[in-house]
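Q: This is the structure I have questions about; it appears just below.
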């Protein structure tokens, strides 16, 4: 729908027409009050056919044209909380992320596992802490024996 510039409040009407809620309401008005098909509504309004069918399906499913509030992303982590995560990982590099996250949740921090994992990924080369196996004297002797037995291989 085109609005001529000579119309008073043309800018206000233009922003209203671009509003998602207005478009949805307009589609539903044409569909239920004027009993027009989705194809006819698409020709009149210039809104794509698939968008019109999505709007009518949403109305049938939810009974509303408003955007539903979802969980969305969690709020940003404060620098203080990030510092706590980093210090916990530095204290014990073998400590798994799940344990760090569980401890933070017990201390009433509002943080998800993915946020905890993200902080550790950004600040350390590896999430999984390197570990070193300690060899017993028996294993050390076995290692030397294996080397001497196989030293003649190609």
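Every number here is computed from the coordinates shown, using simple stated rules; none is lab data. What you are looking at is a predicted structure, and each value in this text was computed from that prediction instead of being measured. Because the Cβ atoms are built from the backbone with ideal geometry, glycine has one as well, and the counts that use them run over all protein chains shown.
Q: Pop the C-beta distance of residue 76 and residue 105 into the FRET formula with R0 = 22 Å and round what comes out to the nearest 0.05.
A: 0.80
Q: Hey, rough spin-label estimate for residue 145 and residue 67, points 7 angstrom out along Cα→Cβ, what's it come to in nanometres?
A: Placing both labels 7 Å along Cα→Cβ, they lie 7.1 nm apart.
Q: Pairs of Cα atoms under 8 Å, at least six residues apart: use those to get the relative contact order of the stretch 20-151, whole percent.
A: 16
Q: Also, quick follow-up: Could you put 54, 149 in order, starting from the residue whose Cβ has the fewest other Cβ atoms within 10 Å?
A: 149, 54
Q: By counting other Cβ atoms within 10 Å of each Cβ, how are 30, 124, 80 ranked from fewest to most?
A: With the fewest neighbours first, 30, 124, 80 line up as 80, 124, 30.
Q: For the stretch 27-119, what is Rg from Cα atoms divided by 2.2 N^0.38 Å, rounded to two decimals?
A: It is 1.96.
Q: By the gyration tensor of its Cα atoms, with a ≥ b ≥ c the square roots of the eigenvalues, what is the shape of the stretch 79-123: rounded for a/c under 1.5, prolate for a/b over b/c, or oblate?
A: Taking the square roots of the gyration eigenvalues as a ≥ b ≥ c, the stretch 79-123 is rounded.
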